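Single-structure report; data block below.
The values are calculated or read from the model by the stated rules, or taken from the named source; none is laboratory data. All figures in this text were calculated on a predicted structure; none of them were measured in a lab. When we count neighbours, we look across all protein chains shown, and the Cβ atoms used for this are built from the backbone with ideal geometry, even at glycine. Note: accessible area is taken over every heavy atom of the protein model, side chains too, but ligands, DNA and RNA are not part of it. Shrake-Rupley method; radii C 1.70, N 1.55, O 1.52, S 1.80 Å.
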Amino acid sequence: MTTVFSERPAKLPGEGRQVGVRPTLRGLCDSDLDPLFWNPERRGVASTWWGHVPFAHWLVQATRPGLFVELGTYAGVSYTAFCMAAQRSGSDTRCFAVDTWQGDPQSGVYGDEIYNDFRIFHDARYAAFSTLLRCSFDEALNHFVDGSVDLLHIDGYHTYEAVRHDFEAWLPKLSGRGVVLFHDTAVHFGDFGVWRLWRELSERYPHFEFHHSYGLGVLAVGAAAPEPVIDLCELGLSPMAAVLRERVALTGERWAAEIRERDLAAVLGARERALAEQRTAAAAEAEKERIEKQWAEDRAEWQRRLAEVMIARDQSEAARRRSQEELARVVSSTAWQMTYPLRRIAAKIPPRLRRRLRQLAYVVWWSATLQLGVKLRERRSRLDAIQARPPGEPAEPATTAAPGRPGSAAQSIPDPTPVLGINLPLVIRSVVLGIVTYNPDAAEFRRLIASAQIALERSGITDGTILVIDNGAETDSLTAGVPRVRRLPSDGNIGFGAGHNRLMAAAFADGAEVYIAVNPDGLLHPDAVTALLQEVQATQNRALVEAVQFPEEHPKFYDPATLDTAWASGACLAIPKKIYETIGGFDEIFFLYCEDVDLSWRARAAGFSVKVCPRALFFHRVTNRTPDPLTEQRFRESGVILARKWRNPAFEQTLLSDLRRSGYSSPVTKPPGVPLEWQAVADFSHLFHFAPARW
């Protein structure tokens, strides 16, 4: 048996002359090992192939294939390794990369950006001897004559049927020196089936398998396969094979570790930015609390002054009634009736003379009652005050200013009634609060139900119902015997939007005018339902109205005057029947997340409004949640579907890249796109805020 690496006298790397080296150092200094230590040229690009790059360098230099073909290239990490080795070793190898560069269900579907990036990199370095064939593997067969391919690397769609088809279709193209490489031979999850084909082929051909970096199989198919490959295959299960696997894995680990280090640096950078955002959010929260406190103080002062005005109005009304009663007694008195002729005569006296006679009557009366001196002094004081007033200043305040902080100047506060519906009688008589549960905390869920009952009672609506459907564990025992609570039978975990759609359909079929979606992990303020319904009513039932979440409010912008916002969160959202009948409920292609954004955009595209109700508070603590990779995956998958539906490929590709870096495949759902004129409603420029942020 021969060894894999030659043992001729060692040459110093980069020099042609032989030097005297002790036998113990000869293997370490042998130039045949140089390819294992070459620096790759495609560094910085993520790939599961990095652990095999040093072996690819060695294989090309050791075997010097005349024609090399790679089936499945993606970002080009493996293909670059073969091309670089062919170029650096000075061989006459012709190289071909075959790929559609459109992806598949395992790697995810992507656009032209992957191909364009690699093509620019490739053409600047290897265009003299390498060609990129953008077509399917089967379509590429016609480009090669039988018996011409010396080295074939199969790394396409990894199901058993697909990889077997690729091998059998390209087998006639292999030369007598033919060697085939299979990537992912060590992957045994999902629908990956390379391992299964490798097990079958290993019984028919000489072979060797590396187990690191998802596995790489080396198959000597040709009868005259290169001697280094035959030597490698003859190692079998010997101790030397184990040593070789370990050393090759360690040389490749350097480059795999570099990618992990880069990804880790990106993660750490993202965490640092998140911490900075949290610090900013904490400062914003403190400012928000200060503003809310000030608003509460201003509101209390406003209510106090309003109470004073109401008391003064009641007193004025009472005085008016007393005056009317006194007037009625005077008019019906005998003296009034007897003096009627005198009043008719007095009416014919000129106004100026009447005024003089009236003044004379006052003087006579005050003199008779000893008040003349006091009245003259009062008149003099009023005249002095008028003369001392600055020019242009009115005698009395012309307007009533709204109250500010105690001790501060009064500020003008616009009347909120037109937008919020404050002080309007509530004419909505039927409302349903819908809750979709998924394994909620028992105590937290009971508190939510209690807060919903209080909010319904405070609204004064007698036909108010709490409708529940369980997407997870049953919660019947938590609401047994509780008034106002009704349930729909569970259909399993059908998703957030689908669950609310079942509840909405039942609610509106039973006559509800408004449906309020409520998250199971929050609490309603006692006045939240009233405030939401008043604002819905103020818009003539033509707006989705969102409650404000606290202690952490969503940062998306809303107009402080009209309360219009780009989209409304489904955490606590009032949906009028009029809107439901026009655009339907949530789109059930969204299993979780982004369904509320889509509903809001559809409502706006249909001519409805989306508003925030600052008077409706919904306690929804989300700052203490532990980050969950599965949640992040679902969030990005829903974002991909939203981007596809609303025709934004740039946002879709950004999220697909994030998913691939995290090891997740692309979602297969491809909904039909919305009408082109609707696209103006969607806003992807602010990432997952989907709107300008206030902080």
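Miscellaneous remarks
- In the full protein context, the range 435-539 carries 37 Å² of accessible surface per residue, based on a 1.4 Å probe and ignoring ligands, DNA and RNA.
- Prolate/oblate/rounded label for the range 65-158 (Cα gyration tensor, a/c 1.5): oblate
- Between residue 291 and residue 423, residue separation times 0.36 nm minus the direct Cα-Cα distance comes to 45.1 nm.
- Judged by the gyration tensor of its Cα atoms, with axes a ≥ b ≥ c, the range 101-235 is oblate; a/c meets the 1.5 cut and b/c is at least as large as a/b.
- Residues 641, 454 ordered from highest to lowest accessible area at a 1.4 Å probe: 454, 641.
- Heavy-atom accessible surface of the range 80-199: percent carbon and sulfur, 1.4 Å: 50 percent
- Cβ-defined net charge surrounding residue 155, 9 Å radius [Lys, Arg +1; Asp, Glu -1]: -2
- Structural descriptor for the range 144-214: relative contact order 35 percent, calculated from alpha carbon pairs under 8 angstrom and at least 6 residues apart.
- The gain in end-to-end length when the residue 592 to residue 261 segment is fully stretched comes to 115.9 nm, 0.36 nm per residue minus the alpha carbon separation.
- Per residue value of the accessible surface for the range 165-263 (all protein chains in place, 1.4 Å probe), Å²: 48 Å²
- Nonpolar atom fraction for the range 472-543, defined as the carbon and sulfur part of the 1.4 Å probe accessible area, stands at 52 percent.
- A Förster distance of 60 Å, applied to the separation of the beta-carbon atoms of residue 250 and residue 686, puts the FRET efficiency at 0.85.
- Charge tally in the Cβ shell below 11 Å around residue 674, where Lys, Arg are +1 and Asp, Glu are -1, residue 674 excluded: +1
- Taking 7 Å steps out from each Cα toward its Cβ at residue 109 and residue 281 produces label points 3.3 nm apart.
- For the range 55-61, 3J(HN,Hα) per residue [Karplus equation, 6.51 cos²θ - 1.76 cosθ + 1.60, θ = phi - 60°, Hz, x = Gly/Pro]: 5, 4, 4, 5, 4, 5, 5
- Distance (nanometres) between label positions extended 7 Å along Cα→Cβ at residue 486 and residue 301: 4.7 nm
- Relative contact order for the range 451-554, counting Cα pairs under 8 Å that sit 6 or more residues apart, in percent: 32 percent
- Label-to-label distance, nm, for residues given as residue 202 and residue 662 (7 Å Cα→Cβ offset): 3.5 nm
- Sequence-ordered 3J(HN,Hα) estimates for the range 479-493 from the Karplus curve with 6.51, -1.76 and 1.60 and θ = phi - 60° stand at 10, 4, x, 7, x, 6, 8, 10, 10, 10, x, 6, 10, x, 7 Hz, glycine and proline given as x.
- Here r is the Cβ-Cβ distance between residue 238 and residue 124 and R0 is 45 Å; the resulting FRET efficiency, rounded to 0.05, is 0.55.
- When the square roots of the Cα gyration tensor eigenvalues are ordered a ≥ b ≥ c, the ratio a/c for the range 496-607 is under 1.5, which makes its shape rounded.
- Residue 153 long-range amide H proximity, modeled H, under 5 Å: 69, 70, 71, 181
- Remark: the range 127-284 carries a charge dipole of roughly 480 debye about the Cα centre, counting +1 on each Lys and Arg Cβ and -1 on each Asp and Glu Cβ.
- Distance-filtered residues of the range 95-127 - backbone nitrogen under 19 Å, label point 7 angstrom along residue 148 Cα→Cβ: 95-99, 127
- The slack in the chain from residue 561 to residue 582, taken as 0.36 nm per residue of separation less the alpha-carbon distance, amounts to 4.9 nm.
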